[in-house]
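> Dropping the structure in here first, questions after.
The values are calculated or read from the model by the stated rules, or taken from the named source; none is laboratory data. Everything quoted here is computed from the prediction, not taken from an experiment. All Cβ positions, glycine included, derive from the backbone under ideal geometry; neighbour counts span all protein chains shown. Remember, those area values only see protein heavy atoms, side chains included, never the ligands or the DNA or RNA. Shrake-Rupley method; radii C 1.70, N 1.55, O 1.52, S 1.80 Å.
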Amino acid sequence: MPQSALGSVITPETLDAPMAPTLEAIRRHLGMEVAYISEFVGDLSMMREVSAPGLEHLIKPGDALSLDDVYCRHIVAGRLPELIADTAAEALCQTLPITRNVPIGAHMSVPIRLADGELYGMFCCLSPTPNHSLNPRDLQVMRVFADLAAHQIDRERARDQEANALRDRILQVIEGREFEFHYQPIFTFAPFRLVGFEALCRFHATPYRTPDIWFAEAEASDLAEPLELAAAARALEALADLPDPLFVSVNLAPATLLGGRFREALGDWPCGRVIIEVTEHAPVSDYAALNAAIAPLRAAGVRLAVDDAGSGFASLQHIIQLEPDIIKLDVELTRGLDSDTARRALVAALTYFARETGTEIVAEGVETEAERQALEALQVRKGQGYLLGRPMPRDAAMALAARLA
């Protein structure tokens with residue numbers, strides 16, 4: 001691996017390190033007052049990274065200079081050398097006003113070329129006074145770090161391109177509604193009666209990704225709210241074909257609820273047949289603000305459920321702070337409930353809490369008759385799971401509702 005005169009070895013870790021410390025280190029090593037990385041944008045040289053302590057009034061990130069007024073274009077064209085220990089020795093330097101105005105007594109600059117050969121800008125150091133100690137070895141150090149800067153810029157561009165492509169894919173999914181819903185039925189146990197469906201999103205956009213990945217990528221692209229709202233609006237369309245009073249529950253993140261736009265997605269659907277599920281896995285930083293955002297929806301009849309209850313501390317916080325209408329037991333609590341004393345004790349505690357607070361309990365992940373019976377014995381009266389009904393396409397869900405109505 002290449003090693004500079006600074007005594008540092010360029011490793012994979014340094015290739016992703018911030019450039020500001022690098023500029024500071026090389027500026028100190030060369031004994032110069034200013035170091036910067038510039039980008040050529042049209043006919044301008046834009047300052048991207050700068051190390052110039054005490055000289056911020058002269059140069060700082062974001063400053064722009066015409067390429068006609070600086071050394072860069074002349075260096076790239078070969079009219080000026082990359083290493084100028086004393087600008088007084090270069091006639092061309094003396095014709096440029098910047099030499100006197102800054103002033104510039106010593107200057108060293110090398111082009112930054114990207115992997116595709118594009119000239120990005122310059123890696124530059126300068127001093128107001130001549131510096132005759134500068135030598136070809138120092139210039140080689142500059143070239144090494146210019147290559148390092150080019151590598152980082154290439155990586156940043158690749159990341160930006162990937163992020164932009166991902167954002168474009170998510171926007172396409174939203175605008176083209178490239179998703180559909182499967183609906184999992186929810187029943188009362190005794191009597192056995194269909195009461196509603198949980199809407200579970202399925203994406204048919206390419207490349208294939210599971211819903212959790214799509215929503216995570218949307219969040220990383222600052223598109224979680226529009227994707228969730230578009231999905232919720234489509235999920236609720238099933239209410240048009242479901243007999244009253246069957247409900248549809250949709251999953252929403254606290255951030256989406258805080259945005260205040262779910263009322264638009266709700267449209268004219270009957271609020272009393274809509275349940276919002278807030279997952280345990282979604283952190284809440286301000287419960288007062290979240291409650292204030294949900295209050296108008298609840299006043300209109302929308303019910304609130306805390307999903308994944310019992311899977312972690314956050315769900316208990318949700319239950320205490322949000323005072324939901326429904327507590328949905330996490331599948332990990334339901335699984336093996338009939339043979340696990342600890343699970344039964346925790347479910348019993350939650351059912352006692354529910355009775356005391358007037359909250360409903362719905363068990364998720366009911367897969368065996370023994371689990372169902374154990375839930376009934378603990379006075380859990382509603383559930384969903386493979387024993388009762390798998391998630392199904394909308395047409396199948398409508399047929400089931402028609403048959404059991």
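> Roughly how many debye, to the nearest 20, is the charge dipole of segment 204-356 about its Cα centre, given +1 on each Lys and Arg Cβ, -1 on each Asp and Glu Cβ, and no other charges?
Details: 12 positive and 23 negative charges, 63 e Å.
Dipole of segment 204-356, to the nearest 20 debye: 300 debye.
> If you average 1/r over all unlike Cα pairs in segment 78-118 and invert the result, what Kirkwood radius do you get in angstrom? Don't skip to the end; give the middle numbers.
Details: mean 1/r = 0.0877 Å⁻¹.
In segment 78-118 this quantity evaluates to 11.4 Å.
> Right, something else. Residues in segment 280-305 near a label at Gln321, defined as backbone nitrogen under 11 Å from the 7 Å Cα→Cβ point?
282-291
> For the chain, find the longest principal axis of its Cα atoms and tell me its angle to the long axis of helix 211-220, 0 to 90°, nearest 10.
Compared with the principal axis, the helix lies near 40 degrees.
> Once both axes come from the Cα atoms, what is the angle between helix 313-322 and the longest principal axis of the chain, in degrees from 0 to 90, rounded to 10?
Computed tilt is about 70 degrees.
> Just the Cα atoms of segment 41-159, one point each, no solvent: what log10 I(q)/I(0) does Debye give at q = 0.09, 0.13, 0.15, 0.21 Å⁻¹?
Ignoring solvent entirely, the Cα scatterers give -0.24, -0.51, -0.69, -1.39.
> Now, a different point. Have a look at the DSSP beta bridges in the chain and tell me what percent are antiparallel, nearest 5. Let's see the in-between values first.
On the way: 42 of 62 bridges.
Among the beta bridges of the chain, antiparallel pairing accounts for roughly 70 percent.
> Along the charge dipole of segment 108-228, pointing to its positive end and built from +1/-1 on Cβ of Lys, Arg, Asp and Glu, which listed residue (His182, Met108, Phe203) has its Cα farthest out?
Towards the positive end, the residue furthest out is Met108.
> Picking from His151, Gly310, Leu126, whose Cα lies most toward the positive end of the charge dipole for the chain (charges on Cβ: Lys, Arg +1; Asp, Glu -1)?
Result: Gly310, furthest along the dipole toward the positive end.
> Then there is this: I need two numbers for segment 210-299: Rg to one decimal and Dmax as a whole number, Cα atoms only, in Å.
13.2, 38
> A follow-up question, please. Need the full-extension length gain, Glu162 to Asp147, defined as separation in residues times 0.36 nm minus the C-alpha distance. One decimal, nm. Provide the component values of the computation, followed by the final result.
Numbers: separation 15, 0.36 × 15 = 5.40 nm, distance 2.25 nm.
Going from the current span to full extension adds 3.1 nm.
> Just want to confirm a number: the relative contact order over segment 128-264, from Cα pairs under 8 angstrom separated by 6+ residues, in percent.
21
> Expected output is a single nm value to one decimal: the length gained when fully extending between Arg390 and Asp241, i.e. 0.36 nm times separation in residues minus the C-alpha distance. What is it? Could the numbers behind the result be given before it?
Numbers: separation 149, 0.36 × 149 = 53.64 nm, distance 1.92 nm.
My answer for the length gained is 51.7 nm.
> Could you quote the convex hull projected area for segment 177-238, Cα atoms only and averaged over all directions, in nm²?
On the way: hull surface 19.2 nm².
Averaged projected hull area, Cα only: 4.8 nm².
> Further question on the same structure: What number comes out for the charge environment of Ser51, summing +1 per Lys or Arg and -1 per Asp or Glu over other residues with Cβ under 11 Å away?
Details: positive: Arg27, Arg28, Lys60; negative: Glu24, Glu33, Glu49, Glu56.
Value of the local net charge: -1.
> Show me the chymotrypsin sites (Phe, Trp or Tyr not before Pro) within segment 192-244 that DSSP assigns to loop and that have at most 11 other Cβ atoms within 10 Å of their Cβ. Show your work: numbers first, answer last.
Values: sites: Phe192, Phe197, Phe203, Tyr208, Trp214, Phe215; in loops: Phe192, Tyr208.
Those that pass, being in a loop and sparsely packed, are Phe192, Tyr208.
> Please report, in whole Å³, the volume per residue of the convex hull around the C-alpha atoms of segment 257-405. Could the numbers behind the result be given before it?
Details: hull volume 19.1 nm³, N = 149.
Cα-based convex hull of segment 257-405, divided per residue, equals 128 Å³.
> Suppose every Lys and Arg Cβ carries +1 and every Asp and Glu Cβ carries -1, with no other charges. What dipole size does the chain come out with about its Cα centre, to the nearest 20 debye?
On the way: 36 positive and 57 negative charges, 59 e Å.
Dipole of the chain, to the nearest 20 debye: 280 debye.
> Per 5 Å bin, what percent of the C-alpha pairs of segment 302-370 does each bin hold, from zero upward?
3, 18, 29, 27, 14, 6, 1, 0
> Which percent of Cα-Cα pairs in segment 280-321 sits in each 5 Å bin, short to long?
P(r) for segment 280-321, in whole percents per bin: 5, 23, 28, 25, 14, 4, 0.
> Here's a follow-up. Calculate how large, on average over all directions, the projected area of the Cα convex hull of the chain is; give the answer in nm² to one decimal.
Result: 27.2 nm².
> Accessible area per residue, 1.4 Å probe, Å², for the chain: what's the number? Mind showing how you got there, number by number?
Values: 19230 Å² over 405 residues.
Accessible surface, normalised per residue, equals 47 Å².
> Still on this structure, I have one more. What spacing in nm lies between the two simple spin-label points modelled at Arg355 and Asp68, each 7 Å away from Cα in the Cβ direction?
With each label point 7 Å from Cα toward Cβ, the separation is 8.7 nm.
> Calculate the dipole size of segment 98-237 relative to its Cα centre from +1 charges on Lys and Arg beta carbons and -1 charges on Asp and Glu beta carbons; express the result in debye to the nearest 20. Walk me through the intermediate numbers first.
Values: 14 positive and 20 negative charges, 95 e Å.
So the dipole magnitude of segment 98-237 works out to roughly 460 debye.
> Then there's this: Relative contact order (percent) for the chain, with alpha-carbon contacts under 8 angstrom and 6 or more residues of separation? Write out the running numbers ahead of the final one.
Numbers: 691 pairs, mean separation 43.2, N = 405.
The normalised contact order for the chain reaches 11 percent.
> Further question: For Ala399 and His29, calculate 0.36 nm times their separation in residues minus their Cα-Cα distance, and state this gained length in nm to one decimal.
On the way: separation 370, 0.36 × 370 = 133.20 nm, distance 7.67 nm.
Net length gain for the segment: 125.5 nm.
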